[in-house]
Structures are given as structure tokens and as C-alpha cells.
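Right, one structure below, let's go through it.
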Amino acid sequence: MSKKMLGYGFTLVIAAVAGWIIWTEYQRYTEYPWTRDGQVRANVVGIAPRVPGPIIRVAVIDNQHVKKGDLLFEIDPADYQAAVDQVKAQVLAAAATLTQRKQELDRQTELFEKKVNALKDFQDAQDSYETAKADLAAAKASLVTAELRLSYTKIYATVNGDVTNMNISEGAYASTGVQVMALVDRDSYWIAAYFKETQLRHIAAGDTAIISLMGNEDVPFTGTVRSVGWGIFVTDGSSAEGTALLPEVSPTIDWVRLPQRFPVRIQVDDSGRAELRMGQTASVTISHDAPTKNASIVR
């Protein structure tokens, strides 16, 4: 066989191998779309008091794990307890007045039925009784409000979470509606993975996602695709004002026309939640097979 034929044969083999590699990688790309552009997300609950006052107790520290219902901090209840006591006295006074008006109405009713008193006296007694009933109802409503405000002096965790950005201390003054800390909801962790628009047709709700975190790539865990985003923020100035509510995904290179990337929401399985921190960088591979078979394909 001539050297020329050997050269042709070698070239064909190289071309065949290259073609096979390209086809294999394309099939892999199709079956297992992946991205390094993922981020751990979670719901963040801002904690703000509903009543103002000086803080007399802080029951947590920054970055502490808390359970739903745990006490976070307490505002001085003295003024609010005094308000409750005052309204309780008003309720007692209104109840006593109602009893008097009822007795008077009973007397006027009896006299009116015997035709001793005029109709006007009977009607006045009725009006006084109804007014006393309304006064008692108003006092009871005020008591409910006062007791609620007293209960608001103790601020509890509303979710299972992690205390973050705590900005209070004992002796500080808490203002109504001003957030003093945040809780990262531990039960809400999910992954926002940004895939190219050319990959979206290979991703569907229910697909298995294999996830690894930067710095911890050797311990992948799984999740489930919940949804694929339907829109991203457009910066050309021609879009409706409402698009400002959509996620903004910047292109990686400005001078090359790149495929747009859309967020894919992935629910994290229970096994992967323990060490998650909001904002961590994640790599994600979408698999259509059983997750245990593909734990090693995360790049």
C-alpha cells in the first residue's frame, strides 16, 4: 500500500473520530443540558416590629438558626400593659353602666305597660340602654386592640430560618415597620439556573437536576425542575414598563450575538438543603434518567 493511500486512510480515520466525538457531544448536550450559571435562592422574610418602643431583650444572635415560633426580641411592654389595664377598667365601667340602663329600662317598661309613664320616658330608657350596649361593645373592641398591641411587643420567628443582617441591640429604639433583621427561610431553598434559549426545548418541568456548588463540587445533590421562565428584562428601551419586574440576565460578552439565557427554577431535594447558603454559585445538569445514575455528570 502506498504512502499516499496510507495518508488518505489516516485522514479518514481522524475525520471519522472527530465526527464521532462531535456527534457524541451533541447527543450529550441534547440529553444533559448543563450550565455553570446557577445560584442558590431562598425566600427572605424581613422582620420589623408592629409597635414602637425600646428593646429590652434580644433572644438571638446574627446567623443563628431559629425555628418558627422562637422569640427573636422583645420591646418594653410597660406602656402597652398600662393601656390594657386602662381599657379593662373602661370595660368594667361600661358593663356597670349597661346594668344600670337595663334596670332603668325594666322599670320604665313596667310603668309604661301600666300606663303610668309617658311613651317618651319609655323610649328614652330604650335609647339609653342601646347606647350603653354600644359603649360596652366599643370598650371590648378597644380591649382586643390593646391586648394585640401588647402581644406585638414580643416578636417571634415566622419561618424556620437563619437570622441575617441583625441590626438591633438591647436599649435601641424600634420603630414601627422598620426592618431590623432578616430571616432566610430554610424551607424555601431553590436553584435559579440560567440556560441558553437553545437548550430550553430539552428542559421540562419534572426533569431531574444534578447540582454541585462552587467549592464543594465533589458532593453533588439532586433537585427537580419546577418551571422554565417565560420572560427576561429587555434593555432596548422599547418594552412596556412592566418588564422591569422581570429578571435581568446580562449577556456574557457584549460584542458577540449570544443566545439569551432564561431562568429555570429547580426545587432542591431534602438531602441537599443542609449546607445551602443564599447566593452560592451552582452548576446544574438536567437529566432525563434516574438521578442516581448520573450524579457524576455535573461539570
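In terms of modelled amide H atoms, which long-range or inter-chain residues lie less than 5 Å from the amide H of VAL264?
Here ALA193, TYR194, PHE195, GLY229 satisfy the definition.
Which GluC sites (Glu not before Pro) in segment 129-209 sit in a loop by DSSP (not H, G, I, E or B) and have at most 16 other Cβ atoms within 10 Å of their own Cβ?
GLU170, GLU197
Using DSSP to call loops (not H, G, I, E or B), can you name the trypsin sites (Lys or Arg not before Pro) in segment 99-134 whose Cβ has at most 11 other Cβ atoms within 10 angstrom?
Hits after loop and neighbour filter: LYS114, LYS115.
Could you give the nm distance between label points at ASN167 and ASP218, where each point is 7 Å from its Cα heading toward the beta carbon?
A separation of 4.1 nm, rounded to one decimal place.
Full-extension gain between LYS102 and ASP79, please, as 0.36 nm times their residue separation minus the C-alpha to C-alpha distance.
The LYS102-ASP79 span can extend by a further 4.8 nm.
Exceeding 27 Å between C-alpha atoms, which entries from my cross-link table qualify? They are LYS67/LYS154; LYS88/LYS120; LYS115/LYS140.
The pairs that break the limit, which is 27 Å between Cα atoms, are LYS88/LYS120; LYS115/LYS140.
So if I average 1/r over every pair of distinct C-alpha atoms in segment 104-143 and take the inverse, what Kirkwood radius in Å does that give?
Answer for segment 104-143: a Kirkwood hydrodynamic radius of 10.9 Å.
Give or take rounding to whole Å, what are the principal axis extents of the alpha carbon atoms in segment 57-185, in descending order?
Computed over the Cα atoms, the extents are 78, 27, 19 Å.
Read-outs throughout are calculated quantities, based only on the coordinates presented, and are distinct from any laboratory measurement. As the structure is a computational prediction, the values presented were derived from the model and not from experiment. Ideal geometry is used to build each Cβ from the backbone, glycine not excepted, and the neighbour counts take in all protein chains shown.
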